[in-house]
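**Q** Would you mind keeping the following structure in view while I ask a few things?
Every number in this text was worked out from the coordinates using simple rules, so none of it is lab data. Source: prediction; values computed, not measured. With ideal geometry, Cβ positions are generated from the backbone for all residues, glycine too; neighbour counts draw on all protein chains shown.
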């Protein structure tokens, strides 16, 4: 592999990996290849100190107490970071994994998504939940979600050690301020302007005058990603690894 | 072994075994050698159809989900019979496994027993709980227990599919009427009179004019008990089997 | 005949013992699906199943929905994973021919654990503020009863889920009726929580699984098992983690075909002809 | 150095990491007691332990009580089994030097399961009408929140039990810090429910336990383990079910000696001299 041009999915991996630095335990869902790749890269960078648990992996899944263990483990406070995507994500970091359309007609949504998975729980108990969505359009990043699978914030009397930390898309990185329940544009991927993001985003958010570019991989990191990490990723996300890295 | 004289513990075994006939699953505690022997005998008589689970046994303990499984299994309604003893048992079938003495001074009882074990739960959920106590004296079978580890009956609004079925002692067998919350003298062990039982019992109970003798073992049953069953019992209750059968 | 040996049966007879309207618990695609039983259920077809996905459903349930076997799905998600949305599920929801009880993974697990423990409900953190609470009126919010006096601490309570039948596939069983599942403990939870457990296995071994200390740790005791049928490779094409991989070609073929009613019908006719060859 | 290797330690160092006042969860005598650690704790002696018996206690805890290490015992029972009442426990209760939180087995397990699930409480059937409710004001009775409107259905709710340290002995661990417990799942529950888990093992193996599908099913992942010390035969004299039997002679000697303060003191001096020979 001689092409050192960074691909869009790799930019998202580069954006996520640093967010996992200095954590102890990161868990990744079965259908989250980009975060999974970022977590395995962060693990590599930590010299193996970072524990990465990937659901559906044979090699990176340490759980021995059934499907409930991930959730129990999160409830015990033993998981520092997790990743959620959404059919819709809104400006309050509310996530919709159920469907789009007239709420009154539930469950007959115009478009039905798979369902809420563990989001309605994990979003509450894992301190650093990183939202990710490749498609950055007004269709996916909306003003208000049609169905709340998991709310971005809760009133102070609700037990909630966890919640949203950032949102990573194919265009940019947002961070989330829980107190203000609002996103801030943190960095722009190469070739993307502030205006591009504003036009592609259905919700309002804050931005400073000077938004930096998302930090990319060093040549060395990229090589590691495309060799060592790629083959690890292939075990759990074979379709993804084949499409992206041809492994 | 040529002595075919039935020993006191064997009479209790003979009294208990028929109560387990036609059941599917009997569980036995780790410190219940007499009921354990009765259950293994009943299993033998059923041709292996009766399932017997003995806590602390390697061979007769089918559980693979930890200490809680017995209790969960009982809560699911999968255990038909169980055995409880008590430092005190009273006329309302209340069981005391905690201690004797002035209640106001708890926990400084005059005599402290080990504790309630699982009684406070199992007595509620297992349909046929058989009480057993070798020592039949006014000290053990009392008018009112000093501490209720597990109550004999409950008000109708309390969820309670289970409860006391009978009480077997070294003198006799009582059955229990849940509606009337009262014992009835059911049978007398060989050589014991109704007056003997009345004198040895601290609580009031019913008796008919004609109380039969406790049905004893056939010669064949006794041989099976002292050979096949004795060696099975020895695995879990070595001290008991050694004392009773010298195995 | 002992109680133990009477549970040994065939996949056809096992499927026949699942009545219309049964509430069945099934594992996700990676955890051991009794696909040969699913084929029998589709041919019959069984009707009005209430499927409890533990905690999510995939190919197995999408196929049952397509064949008209399902009245209601209780799941945290229904998806073909990297093969896309579950097409028959999506179509049936649009047509209004099935009911969906949307859930979240740990809520399904907690409901089953409540049943396993014989308690009527289980509390769970999270969920508050989610629209799941709106569409699941059976889920209640109470104040934490052990919170300090006067403290407002809302918490969700979920009713116990008690399926009629847990249906799954495992690597092996022994002749006493014990079933080895290894680390797939969700299958043990399903068996404990359900009234009955019906299992197909790749292999039936002679030695009692409970007599081997290593195997015993991953074994569901016969106590919870009501039917076992030998079905070598019985989790194909979705596969059995650690034993055989998903047949990705077959899964893709299904995902493509099931996009339309006609495509599904054709796929079903073809699949049943292969899967249910006279034994 | 990886996080995994740093948990390997000695029994002395492991014991030293249990502070005065710690809330420690320990298994019953048949399920793997870290007796070498107990010896170190007695020699020190550690003070004011809150011992959570899962769910009952025996020789291990009676000895700790005799040595003055314990402030409070939370247990469904304390007994030497067929060797009779627990003499130091009984004497300490009489003297008023320890506090007892009387419980019932499934209440302790439910409290630990609540902690395992990160929920503040767990409901449990039974118990109502028992004097345990009187002596355990932390146990509450509520009306079942999912009962039909107006139905009176009282049920007990138990607060989560979250020990600081789960302390136990197991057959083996690997170098990655995974611990094999086989069917002794109460040890896994203890590890999940506690903030930390300290373990002694008979053997440390080279191969990763999680890589063997049979062993993995009975393994607590390193994720939950904070200290491992090699202690061959480390559960003696109470024994380790399936591995080595209780030393009945030693147990009887203890039961006899501990009947008096003087007898216990003499036994303790003798035992510590043997158990803690310079390594």
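**Q** If we sort C:231-244, A:153-166 on the protection proxy, mean other Cβ atoms within 10 Å, highest first, what's the order?
**A** Details: C:231-244: 19.6, A:153-166: 17.5.
So the order, starting with the most tightly packed, is C:231-244, A:153-166.
**Q** Please give the average number of partner chain Cβ atoms lying within 10 Å of the Cβ of each residue in D:172-185, rounded to a whole number. All intermediate terms of the calculation are to be shown ahead of the outcome.
**A** On the way: counts 0, 0, 0, 0, 1, 0, 2, 0, 3, 3, 8, 14, 4, 10.
Across the residues of D:172-185, the mean count of other-chain Cβ atoms within 10 Å is 3.
**Q** Please work out the FRET efficiency for the pair residue C:17 and residue C:97, using the Cβ-Cβ distance as r and a Förster radius of 30 Å; give the result to the nearest 0.05. If you can, show how the numbers build up before the last one.
**A** Working: r = 25 Å, r/R0 = 0.85.
Given R0 = 30 Å and the Cβ-Cβ separation, E is 0.75.
**Q** Would you mind calculating the gained length between residue B:111 and residue B:179 on full extension (0.36 nm times residue separation, minus the Cα-Cα distance), in nm to one decimal?
**A** 21.3 nm
**Q** To continue, here is another question. Students often check this: by mean Cβ neighbours within 10 Å, which of B:51-62, A:34-45, D:261-272 ranks highest, and how do the rest follow? Mind dumping the intermediate values first?
**A** Working: B:51-62: 20.7, A:34-45: 25.8, D:261-272: 15.1.
Listed from highest to lowest mean packing, they are A:34-45, B:51-62, D:261-272.
**Q** Pop out the Kirkwood hydrodynamic radius of the protein assembly as shown from its pairwise C-alpha distances, inverse of mean 1/r, in Å to one decimal. Provide the component values of the computation, followed by the final result.
**A** Numbers: mean 1/r = 0.0326 Å⁻¹.
Every distinct Cα pair counted, the radius reaches 30.7 Å.
**Q** In nm to one decimal, list the spacings between the residue D:16 label point and its equivalents in the other copies, with label points set 7 Å along Cα to Cβ, shortest first.
**A** 7.1
**Q** Which residue is it, in chain A, that holds its beta carbon closest to the axis of the A-onto-B rotation, and how many whole angstrom away?
**A** Closest Cβ on chain A to the axis mapping it onto B, in Å: A:65, 5.
**Q** Treating the point 7 Å from Cα along Cα-beta-carbon as the label, what are the nm separations from residue D:154 to the other copies, to one decimal?
**A** Copy-to-copy label distances for residue D:154: 3.0 nm.
**Q** Now for a different question. Counting C-alpha atoms alone, how compact is chain D: give Rg to one decimal and Dmax as a whole number, in angstrom.
**A** 19.3, 68
**Q** Provide the percentage of antiparallel DSSP beta bridges, counting only those with both residues in the protein assembly as shown; round to the nearest 5.
**A** On the way: 56 of 155 bridges.
Percent antiparallel among DSSP bridges in the protein assembly as shown is about 35.
**Q** For an R0 of 45 angstrom, estimate the FRET efficiency from the Cβ-Cβ distance between residue C:10 and residue C:245 and round to the nearest 0.05.
**A** Numbers: r = 26 Å, r/R0 = 0.58.
About 0.95, to the nearest 0.05.
**Q** What is the average number of partner chain Cβ atoms found within 10 Å of a Cβ in A:44-51? Walk me through the numbers on the way to the answer.
**A** On the way: counts 0, 0, 2, 3, 4, 5, 1, 6.
Mean partner-chain Cβ count within 10 Å for A:44-51: 3.
**Q** In Å and from the alpha-carbon atoms only, list the Rg and Dmax of segment A:78-224.
**A** 15.8, 53
**Q** With runs of 4+ DSSP H residues as the only contributors, calculate the mean residue ellipticity of the protein assembly as shown at 222 nm using -39,500 (n - 2.57) per run, divided by the residue total and rounded to the nearest 500.
**A** Numbers: 36 runs with 303 residues, N = 1052.
Mean residue ellipticity at 222 nm (helix-derived): -8000 deg cm²/dmol.
**Q** In nm to one decimal, list the spacings between the residue C:96 label point and its equivalents in the other copies, with label points set 7 Å along Cα to Cβ, shortest first.
**A** 7.5
**Q** Using r as the Cβ-Cβ distance of residue D:141 and residue A:5, and R0 as 56 Å, what FRET efficiency do you calculate, to the nearest 0.05? Spell out each step's value before the answer.
**A** Values: r = 67 Å, r/R0 = 1.20.
Efficiency, from the Cβ-Cβ distance: 0.25.
**Q** Can you give me the pair-distance distribution of segment D:131-279, C-alpha pairs, 10 Å bins, whole percents?
**A** All Cα pairs, binned at 10 Å, distribute as 10, 25, 24, 23, 13, 4, 1 percent.
**Q** Quick one: work out Rg over Rh on the C-alpha atoms of chain A, Rh as Kirkwood radius. Can you show the working numbers first?
**A** Working: Rg = 17.6 Å, Rh = 18.5 Å.
Reported Rg/Rh (Cα atoms, Kirkwood Rh): 0.95.
**Q** For residue A:135 paired with residue A:215, estimate the spin-label separation in nm (one decimal), with each label point 7 Å from Cα along the Cα-to-Cβ line.
**A** 3.2
**Q** How far apart, in nm, are the 7 Å Cα→Cβ label points at residue C:272 and residue B:227?
**A** Here the modelled spin labels are 5.9 nm apart.
**Q** Please give the average number of partner chain Cβ atoms lying within 10 Å of the Cβ of each residue in D:95-105, rounded to a whole number.
**A** On the way: counts 1, 3, 0, 1, 1, 7, 1, 10, 4, 13, 12.
Partner Cβ neighbours, averaged per residue: 5.
**Q** Let me ask something else. Given the C-alpha centroids of segment A:122-170 and segment B:23-74, what is the distance between them in whole angstrom?
**A** 50
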